[in-house]
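To start, the structure under review is shown below, and the notes come after it.
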Protein chains: 2
Amino acid sequence: MSVLIVGSTALDSIKTPKAENPRLLGGSASYAAVAASFFSPVHLVGIVGDDFPRRYIQLLKRHKIDLQGLQVVPGKTFHWSGEYELNMNNRRTLLTELGVFETFTPTLPETYRKSSFVLLANIAPSLQHHVLDQAVRPKFVAADTMDLWLNIALPDLLTLLKRLDLFVLNDSEAHQLTKEDNLFGALKRLHKLGPKYVIIKQGSHGSLLSGPRGLFLCPPYPLPSVVDPTGAGDSFVGALMGYLAAAGGSVDTHLRKAMVYGSVVASFCCEGFGLTRTAKLTRSQVEQRFRKLQQLCRY
Amino acid sequence: MSVLIVGSTALDSIKTPKAENPRLLGGSASYAAVAASFFSPVHLVGIVGDDFPRRYIQLLKRHKIDLQGLQVVPGKTFHWSGEYELNMNNRRTLLTELGVFETFTPTLPETYRKSSFVLLANIAPSLQHHVLDQAVRPKFVAADTMDLWLNIALPDLLTLLKRLDLFVLNDSEAHQLTKEDNLFGALKRLHKLGPKYVIIKQGSHGSLLSGPRGLFLCPPYPLPSVVDPTGAGDSFVGALMGYLAAAGGSVDTHLRKAMVYGSVVASFCCEGFGLTRTAKLTRSQVEQRFRKLQQLCRY
């Protein structure tokens, strides 16, 4: 089965203590779509300006990502610029130019509407709602978010939560949303807001799933060197949804393994600037690292 | 086989945002010894004053801990007082009264000298050296430490490292000692300093082993509520050494599982003030949580 992915498609200018890379392919939907493409066909919904480099379109096409839903319109592509501190965990935004994104209304092509798996990657909750309004009985709907929406669009996010099967957020967002210091307390409150499954991402410490079968501690793939963590969370949830769509059958059966694949693809993402490492990745490299991670956790 | 454990034996006055508990049984050797006692016989080396409550001696005896090496001398028992912040990770020391600890020279009773497994729990590196000088061909020597010794006794610690099989420290200590931001870089440098096995503790995120068989990611046991994390690291390494001593055979074969038992006993430690929860623990509760942790990580 295929995955429908909606989110931002952007140009990212990323500065780390070691290097600076202008106008890389970025955005939550780009990361998630490429990550999902290793497992299943992907339908992408997004918007870019007429300055969007042709090579990025080609990159997405090489991953057999269906771009019918990618609007290319006159104007500038969403441009984000950020800088990481030495520890690679703290980053600050230097610049956000919304460009054509300001007027984005995601529209699902007819062939997208019946997608069984829908990933609402990080984007304004009102747009995530709008996509769901057009989808026809999806089997499994997941959404990611960011602190910005908790600050400026909380009511939209709260109504969205009632329409989700899986909500993915990071630990600081979980604390912000629930006012709970403790992860267990936060998970309890998050379930009460709607979703059957909640995943709390913990950066380089892995992630935690809470669902009907209880908790699952998903290990991180430990990296000797992080080049650029941008998009790791989007890659995690993209790979997860791609794996679920490919596996078919019961989500309960496959979700834990899907998360581990998410960890693996996210680790590759961190090994290069933007999507540069992930874009060169092969499925067999993914499988190799998946087995390696199994070994790292075996006792 | 039995474990020889040397370290501090103290009275801890612990304040958290929720409660205050004066003069609890504390000290690295007390925590480690009780944790190890669930798996193997323990020989304890330490010192207390004549104010040391009789009930704490009884507690240690109930765990069949051999106290021949516990010196009881006129004067005051080492007293530490600390306060935790709301997140339970940051703590500050309010008071340190060394008392009889100031004159401590650990002396091994004859029956202790041939112990195969030696745990040098957190204590001044010069005293850790002194214990090793008296031990007769131990099979496996492990040591823990703390930031204080990195600051005031680094030369002693560096020579100690050459005498160890396993060195256990937390992530901030690893960074401080090696000047490496990255865990992999830190591990590489730590091995060069001597020990074949290095474990980096990461608090509530688990721990990481590096040894001849490569890396092992040891999961934490996730807790809904942490009452008091004091002694969790000592409990971890104590249980680990107790399990290794009981398992016999090759350390390489058992060390990963020993760490998971360490995680489990450390989690119980955090569920009560000082040793109050651990003191009531049974081996079957340990096994139950061990199996539960296996389930939490299975995919």
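Where a number appears in this text, it was derived from the coordinates with a stated rule and is not lab data. For clarity, every value in this text was computed on a predicted model and none was experimentally measured. All Cβ positions, even for glycine, are placed from backbone atoms using ideal geometry, and neighbour counts span all protein chains on display.
Summary table below
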item	result
Exposure proxy order (Cβ contacts within 10 Å, fewest to most) of A:Arg113, A:Arg291, B:Arg163	A:Arg291, A:Arg113, B:Arg163
Percent antiparallel among DSSP beta bridges (both partners in chain A, rounded to 5)	40
Net +/- balance of residues flanking A:Lys139 in space, Cβ distance below 14 Å, scoring K and R +1, D and E -1	+3
Cβ crowding within 10 Å averaged over residues, with B:21-28, B:169-176 ranked highest first	B:21-28, B:169-176
Relative contact order for region A:16-84, counting Cα pairs under 8 Å that sit 6 or more residues apart, in percent	38
Part-to-part distance (alpha-carbon centres) for region B:241-298 and region A:1-76, which is given in Å	46
For A:Leu4, residues with placed amide H under 5 Å, excluding near neighbours	A:His43, A:Phe117, A:Val118, A:Leu119
For the A-to-B rotation axis, chain A residue with nearest beta carbon and its distance in angstrom	A:His205, 2
Long-range HN-HN contacts of B:Gly46 with modeled amide H, under 5 Å	B:Leu70, B:Gln71
Peptide A:210-218 - average C-beta neighbours from other chains (10 Å radius)	3
FRET efficiency for B:Val136 and B:Thr276, using Cβ-Cβ distance with R0 set to 35 Å, rounded to 0.05	0.45
Dipole magnitude of region B:210-299 about its Cα centre (Cβ charges: Lys, Arg +1; Asp, Glu -1), debye to nearest 20	320
Local net charge near A:Thr230, Cβ-Cβ under 10 Å (Lys/Arg +1, Asp/Glu -1)	-2
Lysine pair number, Cα distance threshold 24 Å (strictly under), region B:25-182, separation 8 or more or different chains	8
Rounded if a/c under 1.5, otherwise prolate or oblate - region B:62-189, Cα gyration tensor axes	oblate
Antiparallel DSSP beta bridges within the protein assembly as shown, percent to nearest 5	40
Normalised per residue, the volume of the convex hull around the Cα set of region A:149-236 (Å³)	105
Relative contact order [Cα under 8 Å, 6+ residues apart], chain B, whole percent	19
√(5λ) per eigenvalue of the Cα gyration tensor, chain B, largest first, Å	25, 23, 20
Rule-of-thumb Rg ratio for region B:210-299 [Cα; 2.2 N^0.38 Å; N residues]	1.07
Residues whose placed amide H lies under 5 Å from that of A:Arg113, excluding near-sequence neighbours	none
For chain A, size of Cβ-based charge dipole, Lys and Arg +1, Asp and Glu -1, in debye	1060
Shielding by partners, peptide B:179-191 (average Cβ within 10 angstrom, other chains)	2
Relative contact order (percent, whole number), region A:145-299, Cα cutoff 8 Å, 6+ residue spacing	16
Whole-Hz couplings from phi, Karplus 6.51/-1.76/1.60, listed for region A:201-213; x for Gly and Pro	7, 10, x, 6, 9, x, 8, 10, 9, 10, x, x, 8
Calculated over the protein assembly as shown: convex hull of Cα atoms, volume per residue (Å³)	144
Antiparallel content of DSSP bridges confined to region A:165-299, in %, to 5	65
Computed [θ] at 222 nm, deg cm²/dmol, chain B (DSSP H ≥ 4; -39,500 (n - 2.57); rounded to nearest 500)	-11500 deg cm²/dmol
